[in-house]
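J.: Would you mind keeping the following structure in view while I ask a few things?
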Amino acid sequence: MSRATNFPKLSRSLSICFLLLITIYAQAQRAKSPHHQGLKDVYKKYFPIGVAVALRNLHGDEAQLIKTQFNSITAENAMKMAAIQPKEGVFYWKDADSIISFAVKNGIKVRGHNLCWHEQTPDWIFKGADGKAVTKTVLLQRLKTHITTVVNRYKGKIYAWDVVNEAIDDNPNHFLRDSKWYQICGEDFIAKAFEYAHAADPAAKLYYNDYNTERPEKREQIYRLLKSLKDKGVPVDGVGFQAHWSLQEPDEGALRSAIERYSSLGLKIQITELDLSIYPWEISKRMKRPDESDVFTAELENRQVAKYAMIFKVFREYKNVITNVTFWNISDRYSWLNEFPVMGRKNYPLLFDRNLQPKKAYWEVINFKNK
Ligand code: G3I
């Protein structure tokens with residue numbers, strides 16, 4: 001009788017032991033997994049690791065990934081001028097506020113992007129009631145109102161701003177881009193934008209942000225602009241390398257030279273929009289050609305792994321001047337590069353795949369201590 005009644009007890013105890021073992025094993029696995037020791041933890045002694053986000057990323061699996069991997073965020077679009085002030089005096093705060101609340105709630109820092117750009121800028125800002133271009137005085141006053149209002153609203157919550165974005169021309173024979181800002185104000189709009197931002201929040205770090213910052217010709221143009229701002233006493237703290245890079249560029253020498261060149265001015269550097277396209281750089285929009293493959297082959301992946309390893313090695317070496325590294329989008333599930341510049345062509349530029357799983361490059365970036 002006792003044997004018969006003890007058997008269920010024994011089997012229950014065994015099941016409990018088994019469950020316990022499984023739980024302990026699962027906890028140990030989780031402790032090893034990236035969801036426990038994220039990029040932000042591994043890079044704690046180096047720099048914050050950021051990511052560009054949209055409202056749709058702040059719920060569900062992407063939100064979870066952001067919280068475990070990143071300790072800085074940037075609004076991909078929600079804080080741009082056209083999004084925030086679509087009409088004169090009409091401010092749309094909802095999306096930007098939600099991004100800030102998410103960050104505050106989760107102890108994540110915020111980079112502000114951006115205050116003055118030639119794209120995603122509403123048309124009204126350049127035009128008077130008669131439809132003609134406004135004067136320099138009017139345009140600067142509008143820029144001041146915009147910057148003061150936005151920077152004030154997020155004072156103490158946004159620790160660094162991209163104040164002026166992409167003001168240098170891509171053509172090396174020209175200096176500044178022939179934007180409406182430049183056409184109406186000449187180069188003064190740049191210094192003014194920094195002054196307005198600094199007046200609104202003296203504690204915020206202020207950045208000039210651009211792409212191809214490590215191509216020698218553009219590097220020298222940007223250097224010239226930054227030097228002239230510094231010489232005039234304009235409150236600029238650093239330069240943002242957008243870092244929309246590829247398997248082809250930059251090479252290690254170009255990256256190092258750029259970091260050295262800008263930091264020789266006493267400026268900090270933030271990597272503001274990092275991704276590594278598997279295709280060579282192109283800027284003009286076009287459709288995908290039928291003969292064009294967009295398969296992420298093992299060969300392409302290995303090259304991407306090597307490139308990510310190289311750039312992060314350099315970033316770590318320059319941790320005294322690099323004060324943030326931010327990825328432009330979370331995972332290959334959504335990247336602006338899936339549509340730009342080639343519509344319909346998939347790209348695989350980030351550290352997480354479409355299922356939000358870490359790619360080989362992720363492990364390369366995270367496991368540097370074992371090398
Ligand atoms: O909001 C409208 C929506 O109302 C409309 O229905 C839809 C139809 O196309 O477009 C939506 O706007 C899009 C916007 O993103 C918001 O999603 C624009 O078409 C689209 O062009 C825009 O693209 C953004 C691009 O900046 C604008 O130039 C990308 O998402 C964003 O990743 C990209 O980010 C820039 C940085 O700010 C500066 N450095 C380069 C970087 C990549 O281009």
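What follows is calculated from the coordinates using simple rules that are stated; it is not laboratory data. From a predicted model like this one, the values you see are computed outputs, not experimental measurements. Cβ coordinates were reconstructed from backbone atoms using ideal geometry, including for glycine residues, and neighbour counts include every protein chain displayed.
J.: List the residues whose amide H sits under 5 Å from the amide H of ILE322, counting only those 5 or more places along or on another chain, with H placed 1.01 Å from N in the peptide plane.
T.: The list, which skips near neighbours in sequence, is ILE269.
J.: Once fully extended, how much extra length lies between GLU339 and VAL104, figured as 0.36 nm per residue of separation less the alpha-carbon to alpha-carbon distance?
T.: 81.5 nm
J.: What does the highest-first list of 150-158, 192-200 look like by mean Cβ count within 10 Å?
T.: Put in order of decreasing packing, that is 192-200, 150-158.
J.: Could you tell me which of VAL134, ASN367, ALA52 has its Cα farthest along the dipole of the chain towards the positive end, charges placed at Cβ (Lys, Arg +1; Asp, Glu -1), taken about the Cα centre?
T.: The Cα lying farthest towards the positive end belongs to ASN367.
J.: Next question, about the same structure. Using a simple charge model, +1 on the beta-carbon of Lys and Arg, -1 on the beta-carbon of Asp and Glu, nothing else, what dipole does region 151-288 show about its Cα centre, in debye to the nearest 20?
T.: For region 151-288, the charge dipole is close to 400 debye.
J.: If amide hydrogens are placed 1.01 Å from N in the peptide plane, which non-local residues have theirs closer than 5 Å to the one on LYS359?
T.: PHE352, ASP353
J.: Tell me what the chain gives for mean residue ellipticity at 222 nm when only DSSP H runs of n ≥ 4 count, each as -39,500 (n - 2.57), the sum divided by the residue total, rounded to 500 deg cm²/dmol.
T.: That comes out to -13000 deg cm²/dmol.
J.: While we're looking at this one, here's another question. How do the peptides 74-80, 117-123 rank, highest first, by the average count of neighbouring beta carbon atoms within 10 Å per residue?
T.: Most protected by this proxy first, the peptides run 74-80, 117-123.
J.: Between TYR182, TYR308, TYR208, where does the largest GNM mean-square fluctuation fall for the chain, given springs only between Cα atoms within less than 10 Å?
T.: Evaluated over the chain, the most mobile residue of the options is TYR182.
J.: Continuing with the same structure: What percent do you get for the relative contact order of region 227-292 when only Cα pairs under 8 Å and 6+ apart count?
T.: So the answer I get is 43 percent.
J.: Going by Cα centres, region 142-164 and region 180-196 are how many Å apart?
T.: Centre-to-centre distance over Cα atoms comes out at 16 Å.
J.: Another one. For Cα pairs less than 8 Å apart in space and 6+ apart in sequence, what is the mean separation divided by the residue count of the chain, i.e. the relative contact order in percent?
T.: RCO, the chain: 14 percent.
J.: OK, next. Along Cα→Cβ, 7 Å out, is where each label goes; now give me the distance between the ones at PHE368 and GLU292 in nm to one decimal.
T.: For the pair PHE368/GLU292, the computed spacing is 3.3 nm.
J.: I would also like to ask the following. Rounded to whole Å, give me the distance from the Cα center of region 268-285 to that of region 303-317.
T.: 14
J.: Same structure, new question: Of LYS360, LYS285, LYS40, which is the most mobile in a GNM of the chain whose springs link Cα atoms less than 10 angstrom apart?
T.: Taking springs between Cα atoms under 10 Å, the residue moving most is LYS285.
J.: Where nothing but the Cβ of Lys and Arg (+1) and of Asp and Glu (-1) is charged, how large is the charge dipole of the chain around its Cα centre, in debye to the nearest 20?
T.: 1580
J.: I would also like to ask the following. If I model a spin label as a point 7 Å beyond the Cα along the Cα-Cβ vector, how far apart are those points for GLU220 and TRP124 in nm?
T.: If labels sit at GLU220 and TRP124, their model points lie 4.4 nm apart.
J.: Moving on to the next point. Show me the ranking of peptides 330-336, 294-300 by mean Cβ neighbours inside 10 Å, starting with the highest.
T.: Put in order of decreasing packing, that is 330-336, 294-300.
J.: Just how large is the dipole of region 271-362 about the Cα centre, in debye to the nearest 20, putting +1 at every Lys and Arg Cβ and -1 at every Asp and Glu Cβ?
T.: With only Lys, Arg, Asp and Glu charged at Cβ, the dipole is about 120 debye.
J.: Please work out how much length the chain gains when fully extended from ALA82 to ASP188, using 0.36 nm per residue of separation minus the C-alpha to C-alpha distance, in nm with one decimal.
T.: 36.0 nm
J.: While we're on this one: Under the rule a/c < 1.5 gives rounded, and otherwise a/b versus b/c splits prolate from oblate, where does region 134-216 land using the Cα gyration tensor?
T.: It comes out oblate by the Cα gyration axes.
J.: On to the next question. Could you tell me the calculated FRET efficiency between GLU249 and LYS132, based on Cβ-Cβ distance and R0 = 45 angstrom, to the nearest 0.05?
T.: Using R0 = 45 Å, I get an efficiency of 0.60.
J.: I would also like to ask the following. Multiply the residue gap between ALA306 and LYS232 by 0.36 nm, knock off their C-alpha separation, and tell me the result in nm, one decimal place.
T.: The span from ALA306 to LYS232 would gain 22.5 nm if fully extended.
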